[in-house]
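Data block below; observations after.
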Amino acid sequence: MTSDGLNQKAAEFCAASVRDWTGRAARMLAETPELAGHSLATALLLGDVTRVRAEIERDPAAATR
């Protein structure tokens, strides 16, 4: 999958995670497991404390962007 394609899918995953109660986000994650490590947003939604901490230590401004 291209980075643009993964970026788009990650955005759709994030939206489904907070707006859709049909299980779409879980299905998307099962179909595309690389979403889990794609971005700070996906790490936040999945509760990946280690990844969130590492991202904020690397780039403190990411917390407010």
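Structure data summary
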| read-out | value |
| --- | --- |
| Flag if M1 is buried (at least 16 other Cβ atoms within 10 Å of the Cβ), in contact (Cβ under 8 Å) with a residue 12 or more places away in the chain, over 23 Å from R65 (Cβ atoms) and not polar (S, T, N, Q) | no |
| Qualifying residue in the range 19-27 (condition: surrounded by fewer than 10 Cβ atoms within 10 Å (Cβ to Cβ) and assigned to a loop (DSSP other than H, G, I, E, B)) | yes |
| Number of positions in the range 4-18 that are surrounded by 12 or more Cβ atoms within 10 Å (Cβ to Cβ) and in contact with a Leu (Cβ under 9 Å, 6 or more places away or on another chain) | 6 |
| Some residue of the range 35-43 being part of a helix (DSSP H, G or I), more than 11 Å from the chain's Cα centre (by Cα) and either at pLDDT 95 or above or of a type in the set (A, V, I, L, M) (or both) | no |
| Residue in the range 34-54 that is in contact with an Asp or Glu (Cβ under 6 Å, 6 or more places away or on another chain) and surrounded by 10 or more Cβ atoms within 10 Å (Cβ to Cβ) present | yes |
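The values are calculated or read from the model by the stated rules, or taken from the named source; none is laboratory data. Since this is a predicted model, take the numbers as computed values, not measurements. Cβ coordinates were reconstructed from backbone atoms using ideal geometry, including for glycine residues, and neighbour counts include every protein chain displayed.
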